[in-house]
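The values are calculated or read from the model by the stated rules, or taken from the named source; none is laboratory data. Every value quoted in this text rests on a predicted model; they were computed, and no experiment measured them. Cβ placement follows ideal geometry from the backbone for every residue including glycine, while neighbour counts extend to all protein chains displayed.
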Amino acid sequence: MTAALLCVPDLVQAHSPMQGIGDFYAGVLHPLLVPAHALALVMLGLFSGQGGLYAMRSCYLGFLPALVVGLTLAGTGLDLGDGLEPLLLLLAALTGMLVILQFSPPHPLFAAAGAAVGLLLGLDSAPEAVAPGPIAAALLGASLGAFACLLLIADLCERARHHWQQVAVRVIGSWGTASATLVFALGWLRPD
Amino acid sequence: MWVYRLLWSAGLGLLLATNAQAHSAAEIGGGFVSGLLHPVLGWDHVAAMVAVGLWGAFLGNPALWLLPVVFPLVMALGGAIGIAGINIPSVEIGIALSALILGAMILLAARPPLWLAGLIVAAFAVFHGHAHGTELPTAASPLAYSLGFVIATGLLHLAGIGFGLLVRWPLGRVAVRAGGAVIAIAGALFLGSAV
């Protein structure tokens, strides 16, 4: 299975950019194609993984329904403009800061953070397709891609038992916080 | 259990599949690579970043990881100041001074309290961040660019930490202090050309 998975990206890369991979796979890759989405997912994954298994479950319970709601609203054509990405960056910076501090809040806060990121990510993932079939495929792909990414990061982080691994998680949190802060500042502070 | 393994494999496949992002990858990849190269191509940045890691390793835990965590956070604030168009006078002098002072700290085996070490590193991070931040608005993908230069900064810290861990041995301690001397001399040369 691992070998098959390794072959898939090369096949996809070989013949086409996004157009050739279809709506479903374009949806799957969407969270990774948009840096703000990927950053928010990584920071949320680190935050929940650092909190342990119960925190991860709480986070997923908030994330998944909110993601579905957000994607559904995006699929109906709801367009909230460009204001969502700065909010995602703000959330990435905040969760990254909590990762640096190794702060473990009450579990409902993990669910709330998951819900906030899931909703914003869903709303900001409106597919370009117009027919119902491709839209549904893209949205399904996006939900699977985002959840798999979150799950992978959180699981990796939860497995960090050694001191140096926990330090590495905090350092990555600081990188994410710094990047998100800079680009958030770029959106708000750039003189026109 | 098999569901768990399947999801894990799917997630791993997703990460591997990033090669498929051909067209928007040009923009994202371009921004990331230019961000990644920005600190590496400036010797003044390289010297100061390595010095932060080196000094952290010299001071031991928790400075070993705290200084490389403080640096990017404060650097981001410096970058925000640069983005806002607020001018910090003599940024290049500040960057050169960071190599000179941090190198001297290592050379002299200075062991200030943790808060003071953090404050010194944070003060210099503002100058480095300002220099990066002023270039951010022109980047193709600002987030990818900022991720690139923050990661490059972290890797330079890591290089310094790796070298700095030699302090466990007497000869290694001499080598690390000699490394500090080289950085301080380089800082003095940067300062000479910046003034």
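Brief remarks follow.
- Sub-7 Å Cβ pairs linking a first residue in the stretch B:60-76 that is farther than 15 Å from B:GLY162 by Cβ to a second residue that is among the aromatic types (Phe, Trp, Tyr), at least 6 apart or interchain, are B:PRO72/A:TRP175, ordered by first then second residue.
- Of the listed requirements (1) away from chain B (no Cβ under 11 Å); (2) surrounded by 17 or more Cβ atoms within 10 Å (Cβ to Cβ); (3) free of Cβ contacts under 8 Å to residues at least 40 places away in the same chain; (4) more than 19 Å from the chain's Cα centre (by Cα), A:ALA185 misses just one: (1).
Residues are listed down the side, and each one gets a yes or a no for (1) surrounded by fewer than 24 Cβ atoms within 10 Å (Cβ to Cβ); (2) free of Cβ contacts under 8 Å to residues at least 12 places away in the same chain; (3) not aliphatic (A, V, I, L, M):
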site	(1), (2), (3)
A:ALA111	yes, no, no
A:SER125	no, no, yes
A:ARG161	yes, yes, yes
A:VAL171	yes, yes, no
A:THR177	no, no, yes
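- Counted as qualifying within the stretch A:82-167 are the helices (runs of 4 or more DSSP H) with 2 or more residues that are at pLDDT below 85, namely A:84-101, A:132-158.
- Helices (runs of 4 or more DSSP H) contained in the stretch B:35-129 and holding at least 3 residues among the basic types (Lys, Arg) and at pLDDT 90 or above: none
- Residue in the stretch A:58-98 that is nearest to A:GLY118 (Cα to Cα), counting only those that are surrounded by fewer than 16 Cβ atoms within 10 Å (Cβ to Cβ) and among the hydroxyl-bearing types (Ser, Thr, Tyr): A:THR72
- Check on B:ILE101, under 12 Å from B:MET49 (Cα atoms), out of contact with any Pro (no Cβ under 6 Å at 6 or more places or on another chain) and away from chain A (no Cβ under 14 Å): no
- Single match in A:LEU119, A:LEU84 (criterion: closer than 21 Å to A:PHE184 by Cβ and touching an Asp or Glu at 6+ places or on another chain (Cβ under 8 Å)): A:LEU84
- Taking the criterion of being closer than 26 Å to A:ALA92 by Cβ, assigned to a helix (DSSP H, G or I) and either modelled with pLDDT under 75 or more than 7 Å from every other protein chain (Cβ to nearest Cβ) (or both), the residues of the stretch A:7-38 that qualify are A:PRO9, A:MET18, A:TYR25, A:ALA26, A:GLY27, A:HIS30, A:PRO31, A:HIS37, A:ALA38.
- Taken over the stretch A:27-67, the criterion of being touching a Pro at 6+ places or on another chain (Cβ under 8 Å) and of a type in the set (A, V, I, L, M, F, W, C) is satisfied by A:ALA38, A:LEU41.
- Candidate set from the stretch B:137-153 (those that are out of contact with any Ser or Thr (no Cβ under 6 Å at 6 or more places or on another chain) and under 22 Å from B:ALA96 (Cβ atoms)); member that is modelled with the lowest pLDDT: B:PHE149
- For the stretch A:39-77, a residue qualifies if it is under 11 Å from the mean Cα position of the chain (by Cα) and of a type in the set (Val, Ile, Thr), and exactly one does: A:VAL42.
- B:GLY164, sole failed condition from (1) of a type in the set (Gly, Ala, Ser); (2) in contact with a Phe, Trp or Tyr (Cβ under 8 Å, 6 or more places away or on another chain); (3) farther than 27 Å from B:ALA194 by Cβ: (3)
- Just one of (1) without any contact (Cβ under 8 Å) to a residue 60 or more places away in the chain; (2) closer than 29 Å to B:ALA152 by Cβ; (3) not aromatic (Phe, Trp, Tyr) fails for A:LEU119. It is (2).
- Any pair with Cβ under 6 angstrom, 6 or more apart, that starts in the stretch B:134-151 at a residue that is facing chain A (nearest Cβ under 7 Å) and ends at one that is at pLDDT below 80 and assigned to a loop (DSSP other than H, G, I, E, B): B:PRO137/A:ARG190
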